[in-house]
Structures are given as C-alpha cells and as structure tokens.
Amino acid sequence: MSYTLNTTNDYHVHKLSTLGWELTVCNALYPGNSPCRIVLKSKASFGEHLFNFLGRLIPLTNINNLLEVGGGMGYLMKDFLTLAPNLQATMLDISPFLLQKQKETLAGLSVNFREMDFLKISASDLHAFDMAILNENLGDFPTLVFQQTSPEHNDPDAIRYLNKIADYEEEYSLEFTPTENINIGAMEVVEKLCGAAIPYIYLSEHSCESSLKNPYYPQHNFAASGMPEKISLQGHAEFTIKFSHLVTIARAFRYKVFRGQYIDILPMGMNDKVQAALRSTTPLNDKQEIIQHFFYDLYKYEYLVLIRDSKKKG
Ligand SMILES: C[S@@+](CC[C@H](N)C(=O)[O-])C[C@H]1O[C@@H](n2cnc3c(N)ncnc32)[C@H](O)[C@@H]1O
C-alpha cells in the first residue's frame, strides 16, 4: 500500500488569516439573525444546543476543567461559559490567528489559552481536564492518502504514521481496505484523549459513514461512501472521518460511546419555508440554497460522546 500524508498544520500556523474559507455549523448558527436558525425547532446558537444536548448525557455540573481544542472563533465556549460561568476553560489551538480571535470573543472571561498542535500535548497535561471538546476539526488532523504510485518518503512524520498502520491493525483489530484513505491523525487524537483517561469527550466532524434516507425529500438523500473523502478548501484539504474506527479505539479504552448525526443535537422545525426549500430539487433563491445546504450538514456531520466507564482517573 502507498500513501502520502495530508496535513493542515502549515496552513493553520502560517497562512490562515480569514475565516471566509470554511463556514462551520457552529459559526453559521452564531448570529442571532442567522438564516440557518429558521431550520431549527429552537432558534438558538450551536453552543446552546450542544450544551443542552450534552446535559442529557453528562452531569455537566460535575465538570470543572474544560478543554476545547481548535475552538475557531470561540463562539461555542462563549455559550458554555455564559450557561455555566463556573467552568475553568482552556482553549488550545494551533492557529495564532484564531487564538487571537478566541481571546477577543472571550474577553473578560477567565480562560487559559495555549498555542500548540494538539498532537504534541503530553498525557500529563491532559490529565487535568474533566472534559474535552473538539468540534468540527477532526478532519484537520493528518490523513494518509492512498496513491496508485509509490511516493518517496523522506518526511519523518509520514514514515511514523505509515508505521502506525500496523500498530492500529494489531492493537485495535482495525481493518483498512487496500485503497482507502486513513484518518491516522483523528485516531491518534482519540487514543490520546482516552489514554489520558479524560472522563468526558465530545467530538464532531463531517463523516464518511453518515447517510440520509428521507422518504419526504428523496432528492436530498445521500449514501455513505464508507471511506474518508477529500474536501478541498482554500489553502488546504481535509478528509471526512470514518467514525467506526474512532468508536473501536474508544471502546478499547473502556469508554461508553454515544454516536449520532447533528440532527440529534439540532432538531428541525418543519415550517412552510423549510418545507418549500426542501421540496425544490434546485434552490429558487439564496435562502433556499442555505436551507438545503444546512439540511445536508445536519445529516453529514456525526458526533461522538465518549464517557469513561469508571469516572476515576489513572
Ligand atoms: C474547521 S475549524 C473549527 C472551528 C470550531 N471548532 C467550529 O466548530 O467553528 C478547525 C479548528 O481546529 C484548529 N486546529 C487545526 N489543527 C489543529 C491542531 N493540530 N491542533 C490544535 N488545533 C488545530 C484550527 O486552528 C481551527 O481553530
């Protein structure tokens, strides 16, 4: 098998200077007048929805130290700190530009900021946290991309990750089909979080295993490809995530797993405008296009909530 390594670190550290490139669901829902809110039963932000959703699975009042990795503009954490002001929050991000944005969004709140690559954090530093949040960023971590022809490997990271394939196959009985791209970085993220015994973990990203089969709006249905797909963005590329591999790793660390699509976190309200937009095969105006795209995201994104079986660390 031949692979090249796709990474986004250089882009995030040196090139990212605008957020126009990627409209995350979290950012799309943040403005009070966001046209995406029209699709939802409750017209709240993503952070408010997520806080309420997690509160049904996790005793949030027991959380003291909360780590958010790759918090983008900081909107999710702003919502969490508004709803639970006693949280001790740490924002860790590889991007100096976005860390500065987070400082602005979270100004006046007591928050620690760390500029670093999450994959470089030590287990001892992670032990301090009761909960970790990684929203819509697993696809940014390194991916081994299948190649028909054998590339030359001089990059030590590529060699290290290539060697890890066999470790993952052996340790977690993971199977990789001969031509698939491998979310090697996302797997390392889960291994790191679970290995540090963080009691509660929330992750989300575009999935290659999600699908939509809606009998009312079949024109928007899509099937799961089952293999990480490339998403080309400005200055970098990401890959959709094979969540079943992450589930296997989390279970090996004795975590209880809750898995689902964003629609669980963001239930829809089917008003006339939403129904009209979804009935159209092609959108008739900008608003319909936004609604159709948002509808797709509600099913394309998956989340995992991982809860350590024994709440004791160590
Ligand atoms: C697509 S944005 C998601 C932002 C935010 N969580 C949201 O949902 O709007 C990806 C975020 O992950 C950060 N990131 C990417 N690679 C990272 C790494 N290796 N370590 C830490 N943060 C990283 C980026 O700088 C950015 O803040």
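The values are calculated or read from the model by the stated rules, or taken from the named source; none is laboratory data. Remember, predicted model here, so these are calculated numbers, not experimental data. All Cβ positions, glycine included, derive from the backbone under ideal geometry; neighbour counts span all protein chains shown.
Looking only at segment 82-91, decide whether some residue is under 19 Å from E205 (Cβ atoms) and buried (at least 22 other Cβ atoms within 10 Å of the Cβ).
Yes, the conditions are met somewhere in segment 82-91.
So in segment 1-31, with the set limited to residues that are modelled with pLDDT under 90 and of a type in the set (A, V, I, L, M, F, W, C), which one is nearest to P151 (Cα to Cα)?
Out of the qualifying residues, it is M1.
Within segment 106-115, is even one residue within 12 Å of the ligand (Cβ to nearest atom) and either buried (at least 19 other Cβ atoms within 10 Å of the Cβ) or among the aliphatic types (A, V, I, L, M) (or both)?
No, segment 106-115 contains no residue that is within 12 Å of the ligand (Cβ to nearest atom) and either buried (at least 19 other Cβ atoms within 10 Å of the Cβ) or among the aliphatic types (A, V, I, L, M) (or both).
For the structure I just gave you, tell me whether A44 is hydrophobic (A, V, I, L, M, F, W, C) and either assigned to a loop (DSSP other than H, G, I, E, B) or in contact with a Lys or Arg (Cβ under 8 Å, 6 or more places away or on another chain) (or both).
Yes; evaluated as a whole, the condition is true for this residue.
I need the full set of residues from segment 47-68 which are in a helix (DSSP H, G or I) and either touching a residue at least 24 places away in the same chain (Cβ under 8 Å) or among the β-branched types (V, I, T) (or both), in order please.
G47, E48, H49, L50, F51, F53, L54, L60, T61, N62
Would you mind stating whether F295 is aromatic (F, W, Y) and either within 27 Å of K192 (Cα to Cα) or touching a Ser or Thr at 6+ places or on another chain (Cβ under 6 Å) (or both)?
So F295 fails the test.
Looking at segment 146-161, can you tell me whether even one residue there is of a type in the set (K, R), modelled with pLDDT under 95, over 21 Å from K230 (Cα atoms) and surrounded by fewer than 21 Cβ atoms within 10 Å (Cβ to Cβ)?
Checking segment 146-161: at least one residue is of a type in the set (K, R), modelled with pLDDT under 95, over 21 Å from K230 (Cα atoms) and surrounded by fewer than 21 Cβ atoms within 10 Å (Cβ to Cβ).
Looking only at segment 69-89, which residues are without any contact (Cβ under 8 Å) to a residue 40 or more places away in the chain and in a loop (DSSP other than H, G, I, E, B)?
Scanning segment 69-89 gives G74, A84, P85, N86, L87.
For segment 74-100, name all the residues that are in contact with an Asp or Glu (Cβ under 9 Å, 6 or more places away or on another chain) and either closer than 16 Å to N137 by Cα or within 11 Å of the ligand (Cβ to nearest atom) (or both).
Within segment 74-100, G74, L76, M77, M91, L92, D93, I94, S95, P96, L99 qualify.
Does S95 meet the test of being farther than 16 Å from A132 by Cα, in contact (Cβ under 8 Å) with a residue 60 or more places away in the chain and of a type in the set (S, T, N, Q)?
Taking the combined requirement at face value, the residue satisfies it.
Could you pull out the residue among V274, V247 that is in contact (Cβ under 8 Å) with a residue 60 or more places away in the chain, in a helix (DSSP H, G or I) and over 21 Å from E22 (Cα atoms)?
Going through V274, V247 in turn, just one is in contact (Cβ under 8 Å) with a residue 60 or more places away in the chain, in a helix (DSSP H, G or I) and over 21 Å from E22 (Cα atoms): V274.
Each row is one residue, and each column tells you yes or no for (1) surrounded by fewer than 17 Cβ atoms within 10 Å (Cβ to Cβ); (2) within 15 Å of the ligand (Cβ to nearest atom); (3) of a type in the set (D, E, K, R).
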site	(1), (2), (3)
G32	yes, no, no
R37	no, no, yes
L40	no, no, no
H49	no, yes, no
L60	no, no, no
D125	yes, yes, yes
F129	no, yes, no
D140	no, yes, yes
